[in-house]
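Below is one structure, written out as structure tokens, with a few remarks after it.
Coordinate-derived values only; no laboratory data. These numbers were taken from a predicted model, which means no experiment stands behind them. Cβ atoms come from the backbone with ideal geometry, glycine included; neighbour counts cover every protein chain shown.
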Amino acid sequence: METLQYIIRKLITGIPLLLGVTFISFMLMVYFGPDKTYELLGKNATQEQIDEIRHQLGYDQPFFIRYADYLKELVTLDFGHSDSTGEPVSGLLGRTMPISLALIIPGFVLGNLIAIILALTAAYHRGSWVDRLIMGFSVVGMSISFLIVIIAFQILLSSSYGLNLFPVRGWNMSTFGNYLSYVTVPTLATVFVSLGYNTRFYRAVIVEEMTRDHVRTARAFGVPPARLFYKNILKNCMIPIITRVIFSIPLVVISGSLLIESYFGIPGVGKVTFDAITTGDQPVLKAVVGMTAVLFVMAQLVTDILYRAVDPRVTLK
Amino acid sequence: MRSILVVIMAVAIGACGGEGQQATQAAASTTGLKVYRHAMDQAPSTLDPVQASNVYANHVVVNAYDTLFSYKYLARPYALKPNLAVEMPEISDDELTYTIRIKQGVRFIDDPAFPDGKGRELIAEDFIYSIKRQFDPSQLPVGTWFWIERIVGLDAWKEAGSDYSIEVEGFRALDDYTIRIQLKRPYPQLLDTLTTGYSAIVPREAVEYYGKEFASHPVGSGPFKVIEYDTAKILFERNEHYRQEPVDIWYEGYDPETQAYTGVEVIHGRSPPFIDRLEIDFIGEDAARWSSFTKGNEVQYTVLPNEQVDQVLASKNPVTFKPEYAEKYHGYDVVEFGFVFNAFNMDHAEFGYREDPVENHRNKLLRCALIKAWDWPARSESFYFGLAKIYPGIIPPAVPEFDPDMSRDSVTRDVVEARRLLKEGGWTAENLPVFIFGGAAGIKNRLFFEQARSWFKEVGYPMEKMKLKQFATFGDLSKAWRNSELMYVSKGWGLDYPDAENTLQLFYGPNKTPGSNDANYLNPEYDALYEKSSVMRSSPERTRIYREMNQMIVDDCVAHTGLSRTRIFMWHKDVIALPDRQIVGGFFLKYVDLKTEDTIVEQIN
């Protein structure tokens, strides 16, 4: 009951947040974003044609009427049609978001799991060569541009200049085998890069936890290292870990990974979002911004509930 | 952990070898399907002919839809031919009335938009409807400028509300198979405009059935039908009902001396399309496109990326491949049907027109000095691997009206002369105006700017007076052009048809911003010549006028111009084709064939 009340309260308090985010982002879109009018003009346009396009796009409507329409779209989840491809926005996102999820989730999960294991190992061997090796690897992962990593993995594993084991481009989930063959190289590239940031972050959290009194006490009582790390350290580190993981999810869902999708020819939501931003496709942009805000409210909610699950001292009040 | 990774890799590699990577080829070999994978460096934003404004959209549109006319597959220079039209049109003596008969029995593809889902016959009224859409603001048309103020009654039809039930006097279907177009004045490029994606013929039922979604759901009568389309690729299937018209390669302009290597002789006497599936991959990243192309079993065509030029070419003039590439790939180089240029905006007082004749003359001297300071060969060497063609004026080498004998003074760098001109105009470091370059955000534009700045600095232009204004997107840049906000406009122009009129209109006064005359060049003499030549068919007299106009642009120092890039097309040797992406890109795709054991035997014999 307490949890339910908390959820309802949080959802209600999320409404002003949604209004704020949508208002500011819509204002930026309208007054500072790319103007789709000029994407839709012919080579030899007249002022009359410019006015006609603005009318067709609804750009000649007062700002607050347009914003009210946006809120209505957000409530009904009907964002109309893309100004570029004419596809219904809901259909467009519905088609591309699952692809992005299927693309990103393996790298996201592996990137976090492996990072936690590496961070525990590094923290356990703090100051030794193992720690320095893992941290050195992390710095390398953080320092190399994601673009370079993608190209390097593509050449190394997919191209005729390298091992030529995987496809360079495409996406096919008709069978698990096909899925694996298309997702492997993007996943490896994602893991390589995310390991750097994640490992460093998690190690810092774990090391800080290791210096706490209760850990020292547990050690003094002779708690075995595995149990100490799992029960006394990792569990107490879960709050920052949960925060980091959960708040990454909305971005994973909505943004996908533009670079991965572009280089591997994967029709995910990242490319759709990028195209919408650069061309000023407002129906798509409105949907993406609105959905991101909603997902962040949800993420905040889930995070709070999980805090309570991992740390009984946390109350949902 | 290591063992887990090894297992994952092993499973993935196993899957890859089994079906993933080889999916396309496996399909081809087990089902006997011929699949050709093409690559483009950008995706079309729409598949609706009414907005087919660029080469990417045209690649799709001219393969999914029919146009009345087309260009011959192999003829260079380009030559028109009837496509859906039975023959070339009957043109009245005054060149104002065109009567076009179209082929009978041509059908749209089956689609739920039609009753019972069966595609109906394409009739003349469909063409009328399709062009009328360009005059209906609710369709967000982009190609209106081809026909605006050209066809009797069409502009008035739009002003009256674009009601499709109202007939247009000068634009009618006389019967199901005959079209009559009446012009207000002769329009020699009319037939060229009827090859473009803008003029592709759509069925009204489909436009109304799909509404906005028609932009991603083509329903045409072209050689292919779209079965899948997303941001990464488009997949076509052969239109099994496409009309049977055996190819006569000699009629198409086949030249055995220069084109025999392509193997296109094997399509002679057969009806296209020859492939079962056409896949066009949209690969913006050069590195990914090249990896996919050289992989062997993915895309089979690419434009040679700039960064691979040194790796692939044995020589640049003439273009030849290194043996390891020549062994695997076909290729040829072609000067683009377009050009890049940088125009001074004559509406801006800094470089443009001034009411005071003395100031006006000073500004002209300033423009001329900056033109003399420009180093085109260095630009070509730095950004186009020295393969670009540099020439004076705005008539590119690709069109027949190009003048190879024109003085090259305007494209020859002369620092001494530039300084002299500045001095003559009384320009000093103190009184030179702040020079703002405009460009889309990106490294290349920054490099363009820095290079030009170094040239201008050499003739005395202070570095701090030259600034770069970057725009986040191309749309923002386009907005600045259209609103005449930039004092200096850097632009590339792809020709819509093989006629220099298409570039000369870039400086025609009435086309000033928001039209295509971004320079806002106003020269009554030039405009009079343009109007005179715009109703003339190709002739020595028209060419003379074109060249005279070209000279005016050079003499008035309106622009740094021009440079046409050389493109090198490459394709796998199992592909039988002469690829092309100029003018109406993609019209060659219906003639693409793939080598099978049968065709190889045929070639040997």
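Please state the charge dipole magnitude for the protein assembly as shown, taken about the Cα centre, from unit charges on C-beta atoms (+1 on K and R, -1 on D and E), reported in debye and rounded to the nearest 20.
So the magnitude is around 4460 debye.
In a shell of Cβ-Cβ distance under 11 Å around A:H81, excluding A:H81 itself, what net charge do Lys and Arg (+1) and Asp and Glu (-1) give?
-4
Collect residues whose amide H, placed 1.01 Å from N in the peptide plane, falls under 5 Å from the amide H of B:L122; neighbours closer than 5 in sequence don't count.
B:V106, B:R107, B:F108
Compare the Cα positions of B:I179, B:T320, B:Q300 along the charge dipole of chain B (+1 at Cβ of Lys, Arg; -1 at Cβ of Asp, Glu; about the Cα centre) and return the one farthest towards the positive end.
Ranked along the dipole, the leading option is B:T320.
Evaluate the distance, in nm, between pseudo-label points positioned 7 Å from the Cα of B:S92 and of A:S160 along their respective Cα→Cβ axes.
According to this spin-label approximation, the distance is 5.9 nm.
Report the paramagnetic label zone for B:Y261: residues of segment B:571-593 whose backbone N is under 15 Å from a point 7 Å from Cα along the Cα-to-Cβ axis.
B:571-579
Please enumerate, by chain and number, the lysines with C-alpha under 20 Å from the C-alpha of B:K81, excluding those fewer than 8 residues away in the same chain.
B:K72, B:K103, B:K590
In peptide A:265-273, what is the residue-averaged number of other protein chain Cβ atoms found within 10 Å of each Cβ?
Mean partner-chain Cβ count within 10 Å for A:265-273: 4.
To the nearest whole number, what is the average tally of beta carbon atoms from other chains within 10 Å of the beta carbons of peptide B:277-284?
Averaged over the peptide's residues, the number is 2.
Taking only C-alpha pairs under 8 Å that are 6+ residues apart, what is the relative contact order of chain A in percent?
Relative contact order of chain A: 27 percent.
Taking just the alpha-carbon atoms of chain A, what radius of gyration and Dmax come out, in angstrom?
Final numbers for Rg and Dmax: 23.7, 83 Å.
Give me the net charge for the shell around B:Y251: Cβ to Cβ below 13 angstrom, other residues only, Lys and Arg +1, Asp and Glu -1.
Taking every other residue near B:Y251 into account, the sum is -3.
Within 10 Å of each residue's Cβ, count the other Cβ atoms and sort B:D66, B:D580 from fewest upward.
So the residues, fewest neighbours to most, are B:D580, B:D66.
Each residue of segment B:60-73 in turn: what ³J(HN,Hα) in whole Hz from Karplus with 6.51, -1.76, 1.60 and θ = phi - 60°, glycine and Pro shown as x?
Residue by residue, segment B:60-73 yields 7, 4, 6, 9, 9, 10, 9, 10, 5, 10, 8, 9, 4, 4 Hz.
Can you give me the Cα centroid spacing of segment B:455-489 and segment B:235-308 in angstrom?
A separation of 40 Å, based on Cα centres.
Please list, in order along segment A:191-197, the HN-Hα scalar couplings obtained from phi with the Karplus expression 6.51 cos²θ - 1.76 cosθ + 1.60 (θ = phi - 60°), rounded to whole Hz, x for Gly and Pro.
4, 4, 6, 5, 4, x, 5
Calculate the tail of P(r) for chain B: the fraction of all Cα-Cα distances greater than 48 Å, expressed in %.
It works out to 17 percent of all Cα pairs.
Would you mind checking which residues have amide H under 5 Å from B:T320's amide H? H placed 1.01 Å from N; only 5 or more apart, or other chain.
Correct list: B:A314, B:S315.
Counting other Cβ atoms within 10 Å, which GluC sites (Glu not before Pro) in segment B:134-181 have at most 15 and lie in a DSSP loop?
B:E149, B:E167, B:E169
What is segment B:324-431's relative contact order, in percent, from Cα pairs under 8 angstrom and six or more apart in sequence?
Once divided by the residue count of segment B:324-431, the mean separation gives 30 percent.
Stokes-Einstein at 4 °C, 1.567 mPa s, Kirkwood radius from Cα pairs: D for segment B:429-496 in µm² s⁻¹?
It diffuses with D of about 100 µm²/s by this estimate.
With charges only on Cβ, +1 for K and R and -1 for D and E, what is the dipole size of chain B about its Cα centre, in debye, rounded to 20?
Computed about the Cα centre, the dipole is about 1500 debye.
Taking the Cα atoms of segment B:96-218, report the difference between the largest and smallest coordinate on each principal axis, in whole Å and largest first.
Principal axes ranked by extent give 43, 31, 25 Å for the Cα atoms.
For segment B:338-564, what is the percent of antiparallel DSSP beta bridges, rounded to the nearest 5?
65 percent
The protein assembly as shown: D in µm²/s via Stokes-Einstein (Kirkwood Rh, Cα pairs, 10 °C, 1.306 mPa s)?
51 µm²/s
Mind checking A:174-183 for the average number of partner chain beta-carbons within 10 Å of each residue's beta-carbon?
Going residue by residue through A:174-183 and averaging, the value is 6.
Evaluate the distance, in nm, between pseudo-label points positioned 7 Å from the Cα of B:L447 and of A:F63 along their respective Cα→Cβ axes.
A separation of 4.1 nm, rounded to one decimal place.
What is segment B:85-135 by shape, rounded, prolate or oblate, if you read a ≥ b ≥ c off the alpha carbon gyration tensor as root eigenvalues and call it rounded for a/c under 1.5, prolate for a/b larger than b/c, and oblate otherwise?
Here segment B:85-135 falls in the oblate category.
Just to confirm my numbers, what's the Cα centroid distance between segment B:334-368 and segment A:218-265 in Å?
Spelled out, the Cα-based centre of one part sits 60 Å from the other.
Please turn the phi angles of segment B:41-48 into ³J(HN,Hα) values with the Karplus equation 6.51 cos²θ - 1.76 cosθ + 1.60 (θ = phi - 60°), one per residue in order, whole Hz, x for glycine and proline.
Once θ is set to phi - 60°, the couplings for segment B:41-48 become 8, 7, 8, x, 7, 8, 10, 7 Hz.
Where does chain B land at 222 nm, in deg cm²/dmol rounded to the nearest 500, when only DSSP H runs of n ≥ 4 count, each adding -39500 (n - 2.57), divided by all residues?
Calculated at 222 nm, the ellipticity per residue is -8500 deg cm²/dmol.
In vacuum, with every alpha carbon of segment B:338-564 counted as one equal point scatterer, what does the Debye formula give for log10 I(q)/I(0) at q = 0.07 Å⁻¹? Two decimals, please.
Calculated log10 I(q)/I(0) at the listed q: -0.21.
Which loop-located GluC sites (Glu not before Pro) does segment B:320-384 contain, where loop means any DSSP state but H, G, I, E or B and the Cβ has at most 14 other Cβ atoms within 10 Å?
When the GluC sites (Glu not before Pro) of segment B:320-384 are filtered for loop state and at most 14 Cβ neighbours within 10 Å, B:E327, B:E355 remain.
Provide, for q = 0.09, 0.20 Å⁻¹, the log10 of I(q)/I(0) from a solvent-free Debye sum over equal Cα point scatterers in segment A:94-266.
Summing over Cα pairs of segment A:94-266 leads to -0.38, -1.25.
Hand me the chymotrypsin sites (Phe, Trp or Tyr not before Pro) from segment A:188-251 located in a DSSP loop with no more than 16 other Cβ atoms within 10 Å, in residue order please.
A:F221
Using Cα-Cα distances under 8 Å and only pairs 6 or more residues apart, what relative contact order does segment A:94-266 have, in percent?
34 percent
What net charge is computed for the residues neighbouring B:L563, neighbours being all others with C-beta under 10 Å from the C-beta of B:L563, Lys and Arg scored +1, Asp and Glu -1?
Surrounding charge for B:L563 is +2.
Whose amide H sits under 5 Å from the amide H of B:F171, counting only residues 5 or more places off or on another chain, with H placed in the peptide plane?
Under 5 Å from the amide H of B:F171 lie the amide H atoms of B:Q182, each far enough along the sequence or on another chain.
Which entries in A:K43/B:K34; B:K158/B:K212; B:K322/B:K573; A:K36/A:K271; B:K212/B:K469 show an alpha-carbon gap greater than 26 Å?
Flagged as over cut-off: A:K43/B:K34; B:K212/B:K469.
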